[in-house]
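These notes concern the structure reproduced below.
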Amino acid sequence: MELMLKNKWIIFLFIAPALLIYTVVLFIPVLETIVTSFYEWNMFSVDKKFIGLNNFIMLFTRDSVFITSIKNTFLLMLMSVITQMPVAIILASILSTGVFGKKIFKTFYFVPNILSGAAIGLMWYFMYNSEFGLVNSFLKLIGLGSITRPWLGDENTVLWAIILVACWQFVGYHMILFLSAIEGIPDSVNESAIIDGAGRWRILWSITIPLIKPIIYVDAIMISTNSLKIFDLVYTLTAGQGGPNHASSVMALHMFTHAFRNYRFGYSSSSACVLLISCLIVTLLVNKIFKSESYT
Amino acid sequence: MNFKKLIVIMTTLTLLVATLITGCIGVNTQPGNDAGTQAMGEVETTKAPDPVNMRVMVGTGTTSEGWGKTFKDLVDQFNANNNFNVTLNLEPIDTEQYATKIAAELATNNPPDIFYTWAAGRLKSFVGSGKLYPINEILDKDTEWKSRFLPGMFDSVTFDGKIYAVPGEQNAAALFYNVEIFQQYGLQPPQTYEDLKNVIKVLNENDIVPIAMGNQDPWVGAILCEYVFNRIGGNEPFDNIVEGKGTFEDESYIEGGRILQELVSLNAFPKGFNGMSYPDGNNLFTRGKAGMVCMGSWIVGEIYGKDSLVKDKVDIIKFPTMEKGKGNADTWLGQPDLCLAISKSCKNIDAAAAFIKTFTTAEAQKAFAESTGSIPVTVADVDMTNCNPLTAKLRQLQQSRSSMFIFYDVALGNTIGSEFNNTTQNIFADKSPADEFRKLSQFVADNLGK
Amino acid sequence: MNLNALKRKIPFNLANVIMYTVLILFAAFCIFPLLWTLVSSLKNNHEIFESPWGLPAVPQFINYWNAWVVGNIGRYFFNSAYIVTTAVIVSLIASSMAAYAIRRMIWKLSKHVMMFFLLGVMIPVHATLIPLYRLFNSADMVGSPVCLIIIYTAVSLPMSIFILGGFFKMLPRELEEAAVIDGYSVYRIFWEIIIPLSKPAIATVTIFNFIGFWNELLFALVFMSNVNYMTLPVGLTNFIGRYHTDYTGMLAAIMLSFVPSLLIYIFLHENIIKGIMSGSLKE
């Protein structure tokens, strides 16, 4: 068997298609972007000006929007991990225990992820409206009328309003992933645990979670990189502006704005590089946390 | 097979059949030619030997009504009547993402043959690519065409003495007000700022939103701001800034900031306006919930649109003046719009120019005026008989125009322009004008020329 | 079923009451926007702003007709279906093969190649827009559906390989050992054993990819300006005029475009069920 699994030709055959498409279409353009970040280039003209690290220096010293964006992006990532992962795992484990109406619940939880960005943006715009938005109406209903405000129009609350929508949109996504993993655990394992007198939480904590560790690792990477790269949601909820006074701007939005609105491609490439490096750092961190078992 | 699976399969089959039918009816591609049949915005005529296909790219969004439709009609007309053996393929792009799309196009070596562009600062970056054809070469030879235009029309599309785009229409911002509401409360249209404050007070007492404004995208509110600054300081401060020798810390801006905050404290704008979307704000006016709106002439299209409740109830006035201000009522804020540029790689430059020329015929100008309330760019009098009264009134008010300045974010280019818009949004949010303009000046210094 | 039978099935204790309340509340929270979109798509443009939470005075079913015919949604449906389905299939084949090679085969560089693909997960796609546009433009492929298919596939590969790899890793080694003893070749092991056992993973990845591609806007907009090949999300933007938006038409179109994604999910999520693994080990 060993010999067969080491067969170089077969290995090559299996990886070749993916490797080719990925390298040409994704990897090389990214290298181009990295190179561009050292130039001043408005993307139309043939001539670019090499300016070394100037873009990066500008980013960190003269661009307050960028600093805000970095802060916001990491905050968003942190909140996403803290809220979405545990909720997703718990939901998935509850649903896998044969709850009545399981299929309906599963579908409902996943619906936010199926809706297109345009629909989500429009709907939540109305939800957060200061006059007749449901959020404020609900708050007034439970007696918290004093804290109502235009959530998307106030620079202190706009980021949190967006974080809420992000969590709402993606919990279902992670839940599906965990559900797939949990469903793969043989019944016999759970049965013997119950026989041994373990309660639901004990089973979840000591048995289920360790068994699906590979998927938790995958999901941790997905959640952190996806939330670091978040763009569509912020764009539609803030009309492409990043919130009043750029209060909820994120790195991907900053990059987009400078590339496709200000037409400063070199500068936006350097913004993209910082985003790439952030993702890299976070991925390495996650790898370190899961170090005990090798997953890469 | 259980019930649920059955439903799913039936629905899928129905959808599949429906799309296949529509798909097949729609598909009628000719080999070696990307043009299809009469799909939206696409035109093809079967002509004599191999017509040359040229791409026309515009940010019209839908072509079934308004600006987009008028544009499409012109394309169709040209395709049917031209002698160049050229077929124009119209590519209408969503307005919002047009900036993205045209950037991608211009980054390649064969951008669209003809394409829409803004004027001034934004056009400047396109010109910097070296891919735009200097149209003055044709205009200078075709003096008949050039003389059709009002004086000064080419000012903001000329760089280094060369003209790079041809404007098809102008729009101008004004104060629109609901006549019915004004009459109901015995109000006169405001001529001065004091008048305006009074109108605001009365409207508030009667639960009418004084000035409709959805400022989530801050260019909306910036229009009113730019007028305020102009009425206080006249044309000079902004002209200086555009030329690179002025500053945003000029007195007129600081004072203007104070006025804007005064307006906010008088509840001139809807509640939560800084987070209200642009359509939402406009709807307040077209539903008769607001007394006034300060907006570009394109809102005429919405006022006469099918969902409007205020058709024929609206009138226009020039923006009020400030006491002791240097600006007068006959200075207008607007821009030359629907500018079309030709790319150097265009397959038939003469044909392209001929097409653009059709925009300045009396009929075309009238069509644009009717569909969008825009102001003609031509000297010759456009027959306004069938136009809606607002367009006619606007045209009439413009007769006494003494000068015009362009929307800041177009004049200054997007980087600085949108930062200006943000500054005004911050001022509306009660930040100190002095601080905000100082920050803006610093931003300008850091980013000018990039 | 009567109430007693229901009570027997679900023990009526405090823990369960709390659990079901939480589940139901959260479900309502999740489904609400869909209901809102549905109700709003039946209003006229005024009612959307005047009474966003109320019911339409008169349900405007004509909105759907307008969207399908005038808005040409039918055509875009067809385009989206073709492009997305192809991309999903290609991506699935390429990524499952790559994931298998990396996770189940034995070679020195496997971890490095995985890391290489992992880098793709970190890439913000907008950064690749311009370089890609120039690339496809010089190959004269812009405007062809093929280029979107390639791009969508490429973008989904890192995540798909990563997720599938995670699942493959969970499978026991005994599978291959048993198969080899029975004389299976690698190809057979892959197609006849691994793939069927990975149905939950494959279903998951298919769902994610389908929905991601189906809703993707920016690349479709930039690469497909020919109206004959536009995809649904791009078609949706046709309801947005230069200074005026037809919200009702757009909402109706959104509902229409929502249906296939939902169908795919319903079709496939049945595969994310228990029991597939438990059977295999006993054999």
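Here are the numbers for the structure shown:
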item: Residue exposure sequence - C:T37, A:T97, B:T321, C:T153 - by fewest surrounding Cβ within 10 Å; result: A:T97, C:T37, B:T321, C:T153
item: Cβ-based exposure ranking for C:C147, B:C387, in which fewest neighbours within 10 Å come first; result: B:C387, C:C147
item: Angle between chain B longest axis and helix B:414-428 axis [Cα atoms, degrees, rounded to 10]; result: 40 degrees
item: Nearest 10 degrees, 0 to 90: helix B:66-81 Cα axis against chain B principal axis; result: 40 degrees
item: Cα convex hull volume per residue for chain B (Å³); result: 190 Å³
item: Exposure proxy order (Cβ contacts within 10 Å, fewest to most) of C:E47, C:E270, B:E169; result: C:E270, C:E47, B:E169
item: Cα-based convex hull, segment B:145-263, per residue volume (Å³, whole number); result: 166 Å³
item: HN-Hα J in Hz across segment B:202-213 - Karplus 6.51, -1.76, 1.60, θ = phi - 60°, x for Gly and Pro; result: 5, 4, 4, 4, 10, 6, 10, 5, x, 10, 6, 7
item: In sequence order, calculated HN-Hα J values of segment B:226-234 (Karplus, 6.51, -1.76, 1.60; Hz; x Gly/Pro); result: 4, 5, 4, 4, 5, 5, 7, x, x
item: Space enclosed by the convex hull of the alpha-carbon atoms of segment C:3-62, per residue, Å³; result: 126 Å³
item: About the Cα centre, charge dipole magnitude for chain B (Lys/Arg +1, Asp/Glu -1 at Cβ), debye; result: 600 debye
item: Distance in nm between pseudo-label sites at C:H112 and A:T148 (7 Å out along the Cβ direction from Cα); result: 6.3 nm
item: Using distinct alpha-carbon pairs, which all enter the 1/r mean, Kirkwood radius of the protein assembly as shown in Å; result: 30.6 Å
item: Of the DSSP H helices in chain C, those whose Cα atoms cover at least 18 Å axially and whose Kyte score averages 0.0 or more; result: C:14-40, C:73-104, C:145-170, C:199-215, C:247-269
item: Partners for B:K146 among lysines (Cα-Cα distance below 21 Å; same-chain residues under 8 apart left out); result: B:K162, B:K344, B:K357, B:K366
item: For segment B:72-214, with +1 on Lys and Arg beta carbons and -1 on Asp and Glu, the positive-most of B:V86, B:F176, B:L74 along the dipole; result: B:V86
item: Kirkwood hydrodynamic radius over Cα pairs of segment C:66-282, then Stokes diffusion coefficient at 20 °C and 1.002 mPa s, in µm²/s; result: 111 µm²/s
item: When each of B:K289/B:K313; A:K229/B:K439; B:K201/B:K393; A:K140/B:K197; B:K245/B:K324; B:K69/B:K318 is checked by Cα-Cα distance, pairs over 22 Å; result: A:K229/B:K439; B:K201/B:K393; A:K140/B:K197; B:K245/B:K324; B:K69/B:K318
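Every number here is computed from the coordinates shown, using simple stated rules; none is lab data. Keep in mind that this is a model prediction, so the values were computed, not measured. All Cβ positions, glycine included, derive from the backbone under ideal geometry; neighbour counts span all protein chains shown.
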